[in-house]
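Participant: Please read through the structure below; I'll follow up with questions.
The values are calculated or read from the model by the stated rules, or taken from the named source; none is laboratory data. Values in this document were obtained by computation on a predicted structure and should not be read as measured data. Note that we place each Cβ from the backbone using ideal geometry, even for glycine, and neighbour counts take in every protein chain shown. SASA here: full protein model, heavy atoms, side chains in, ligands and nucleic acids out. Shrake-Rupley method; radii C 1.70, N 1.55, O 1.52, S 1.80 Å.
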Amino acid sequence: MLPRTFAKISLQSHRRRSPIAIGALASSYLQNTTRSSSNSNRTYTSINCNTPYNLCFVRHGQSTWNRDNRFIGWTDTPLTEDGVLEARVAGRMLRSSGMLFDEAHTSLLRRSIRTTNLVLMEMGQEYIPVQKHWRLNERSYGDLVGLNKKDIVKKFGKEQVLRWRRSYDEPPPPMNEDHDHHPKRDPRYRLMLDEIPSSESLKCTKARSKIYWDDVIAPSLRSGKTVLIVGHENNLRSLIMRLEGILPDDIINLNLPRAVPLAYRLDKDLKPLPRMDGKLDEATGMLRGTWLGGDEAVQEILDRDCKQVYDTSIEQNLEKGSDRDKWRMWTELAIGEAEDESFSAHARSHIHRNVNNNAGEKQVECEEKRMV
């Protein structure tokens, strides 16, 4: 079954140039950020010069091993055609939201790199700096890499696999150096062979992502820049765990969907500000960020993903089949072809960003001030 919030998009997207219908949800996020900072005396360096500190997380689109339900880790699997569409939809959500980024950060893995490029293409922001680093790689799944998740559930049981996948400090069995998918065979890691993990828990992943956050991301946010982080589920979980102050015993319950932007407004200490409704998100019950796709749609995606891994009574691969075919058809209709490369990304990104007229006027005014 298609997520209801996303299904609404298809009903409003019969013209190829129609914007993603989530714009109303997303533009309300922009209005919230502009209102909350109206009394601030700070001069922001960010393109979003009327907003407080802003941060957005996006998990990459579907890769070949996501589709096949295999443990991936550091293996460099590419996006599928559906993954490309997922990434483009994420870009359209952000385009409709009115958010603009000063810089983006991602891993060394191409499923994440290509998602970043596609998101920025849809936003018309290909010109911003993109930094890539291994500390934003997915966690290492050790000896599980390449194996089918549901087969491993049948062999070891749901509880054990859940602890390997989502607990804080229980890593999967380590990967031997003769493993077919050992990262040492990849030339991108040739200068850091001693730092390649044989297996990682979320605790290990959090330790390395903390270094990158403290040294790179936090200084950018404190300078007023609006930051996009495109990554992998467990690496993003490690960052969100720290940002939200989630306890080790609770983090096992946090899952993240692919390619649905999660936007945060932060205070000067880089702590999340409350959502508009003053509540935690309904999809996970743990977050103060805003899902630009809507909580209900995210919950449906997470429910499907859970069944795909843990429900051994379901033999069908939920990443394939008729539902995915329907999703692909309406998604292609919703987003149309990729923008012509000759189209001015700069003009698009600074003028026609907001569904809400008032938000759009503020954005143009902001840009005019920067040009003076």
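Participant: Within a Cβ distance under 10 Å of S201, other residues only, what is the Lys/Arg minus Asp/Glu net charge?
Facilitator: With Lys, Arg at +1 and Asp, Glu at -1, the neighbours total +1.
Participant: Collect residues whose amide H, placed 1.01 Å from N in the peptide plane, falls under 5 Å from the amide H of Y53; neighbours closer than 5 in sequence don't count.
Facilitator: Those qualifying (amide H under 5 Å, at least 5 residues apart or on another chain) are L266.
Participant: Still on this structure, please answer the following. Treating cross-link reach as a plain straight distance, find the aspartates and glutamates whose alpha-carbon is under 14 Å from the alpha-carbon of K320, omitting any fewer than eight places away in the same chain.
Facilitator: Result set, ordered by chain and number: D68, E81, D82, D305.
Participant: Of the peptides 109-119, 210-220, how do they stack up when ordered by the mean number of other Cβ atoms within 10 Å, highest first?
Facilitator: So the peptides 109-119, 210-220, ranked by packing, come out 109-119, 210-220.
Participant: If Lys and Arg each add +1 and Asp and Glu each add -1, what is the summed charge of the other residues whose beta carbon sits under 13 Å from the beta carbon of I251?
Facilitator: Local charge sum for I251: +2.
Participant: A further question follows. Given labels modelled 7 Å from the Cα in the Cβ direction, how far is it in nm from L247 to K279?
Facilitator: 2.3
Participant: A further question follows. Using amide H atoms built 1.01 Å from N in the peptide plane, name the residues 5+ places from N137, or on other chains, whose amide H lies under 5 Å from its own.
Facilitator: Residues meeting the criterion, in which the H sits 1.01 Å from N, are L108.
Participant: Return the long-range amide H neighbours of S63 (sequence gap of 5 or more, or a different chain), with a cut-off of under 5 Å between placed amide H atoms.
Facilitator: Result for S63 returns T80.
Participant: A follow-up question, please. Just to verify a number: what accessible area does L108 come out at with the full protein assembly present, 1.4 Å probe, Å² rounded to tens?
Facilitator: Accessible area, nearest 10 Å²: 40 Å².
Participant: Let me ask something additional. List the aspartates and glutamates whose Cα lies under 19 Å from the Cα of K279, skipping any in the same chain that are fewer than 8 positions away.
Facilitator: Within the straight-line cut-off, K279 pairs with E244, D250, D267, D295, E296.
Participant: How much net charge surrounds N148 when only other residues with a Cβ under 13 Å from its Cβ are counted (Lys, Arg +1; Asp, Glu -1)?
Facilitator: Local net charge: +2.
Participant: Using the structure shown, select from K150/K210; K206/K307; K154/K307; K150/K307; K158/K307 the pairs with a Cα to Cα distance greater than 20 angstrom.
Facilitator: The pairs that break the limit, which is 20 Å between Cα atoms, are K150/K210; K206/K307.
Participant: Turning to a different aspect of this structure: FRET efficiency for I211 and E126, Cβ-Cβ distance as r, R0 = 30 Å, nearest 0.05?
Facilitator: 0.60
Participant: Also, I was wondering about something else. For the pair D194/D311, report the inter-label distance in nm, with labels modelled 7 Å from Cα in the Cβ direction.
Facilitator: The modelled label-to-label distance comes out at 4.9 nm.
Participant: Let me ask something else about it. Per-residue accessible area for T290 at 1.4 Å probe radius, Å² rounded to 10?
Facilitator: The accessible area comes out at roughly 30 Å².
Participant: If DNA, RNA and ligands are ignored and the probe is 1.4 Å, what is the ranking of I301, I314, I240 by accessible area, most exposed first?
Facilitator: If we order I301, I314, I240 from most to least accessible, we get I314, I301, I240.
Participant: Next up: Which order do H181, H60 take by accessible area at a 1.4 Å probe, largest first?
Facilitator: Final ranking, largest accessible area leading: H181, H60.
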